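Some notes on the structure that comes next.
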Amino acid sequence: MARYVLSAFASAMRAIPALSTSPVTTRRARDVWIRGAGRRPSRVRSASEEASSDRRRVKHVGRLAGALGRPGRAAATAVATASLACGCGLVGGPKTVQEGVPLVMTVSSQVFSRGVIAPRYTCHGAGISPAINWSGAPQGTKSLALVVDDSAAPITPYIYWIVFDIGPQTTGILDGQLPPGARQAGNSKGTVGYDPPCPHNSSHKYRFTVYALGGGLQLPGGTSAKSAWTAIAQAAIARGTLLATANP
């Protein structure tokens, strides 16, 4: 967690070189940011708790701007924009997904025992993709997409898996398989398909988000994570999220 927070803070500092030369200002802003963004939940949070957490993050940027001083408000604004654009603490999508798309779908997995991802689906086992089920796609759904990312990253999430062009009548994905006609995008590792979570020192939470889309993405298989993510955000009409924990 600290690695993600400090990385995001450093990016904001680099946006305004004059600030990075002031150790006092930098330390003050860094401390404010870590206090507000560096907390990790001790349990799996509900969707409503996730949304509340998002609102607290946005409010926290105001305190960060105060710590940076007047010249640093642009940097704080950049951090806020990046946080919303990356889907931090919410659904793995841009600001339009957070604000305009209802969280009405239900996502579940029979292979997760009490919210824990079995080693079979991580780097500590076979590393195959898990079975995921969903319901509640609204009328007007033309296709579905699944995004798996790091739910604990406050600024730049790590994307493990993006599946899109899933048929609108589909209600799940089987272990290690894709529904007919579905395609996979790139992940943060730089490969295409499922990159199994690989926690080492402590347990970590991961987010499985299913989006109902108002149309197909018109993207080829193997498209970049950014391209797929942006297209999903623009087409999303509903969503649902499942949080699960993987152990080292």
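Once the convex hull of all Cα atoms in segment 96-227 is built, its volume per residue stands at 118 Å³. Under 5 Å between amide hydrogens, built in the peptide plane, is the criterion, and for I159 it picks out S188 among residues at least 5 positions away or on other chains. Close amide-amide hydrogen proximity is noted between I117 and T245, A246, N247, each under 5 Å apart and 5 or more residues distant or on a separate chain (H modeled in the peptide plane; Pro and chain starts excluded). Modelling each spin label as a point 7 Å along the Cα-to-Cβ direction, I'd like the S203/S108 distance in nm, to one decimal. In this crude spin-label approximation the distance works out to 2.1 nm. With the cut-off at under 15 Å, measuring from each backbone N in segment 176-219 to a point 7 Å along the Cα-to-Cβ line of S135 picks out no residue. Think of each Lys and Arg Cβ as +1 and each Asp and Glu Cβ as -1; about the Cα centre, that makes the dipole of segment 95-231 roughly 60 debye.
Amide H to amide H, with H built 1.01 Å from N, I237 comes under 5 Å of A212, L213, G214, counting only residues 5 or more places away or on other chains.
Sorting 222-233, 188-199 by their mean Cβ neighbour count within 10 Å, with the most densely packed peptide first, gives 222-233, 188-199.
Note on K226 and T171: the model spin-label points, each 7 Å out from Cα along the C-beta direction, lie 3.9 nm apart.
Rule-based calculations on the coordinates, nothing more; no lab input. In this text the structure is predicted, and so the values were computed from the model without any measurement. Counting neighbours? That spans all protein chains shown, and the Cβs are built from the backbone with ideal geometry, glycine included.
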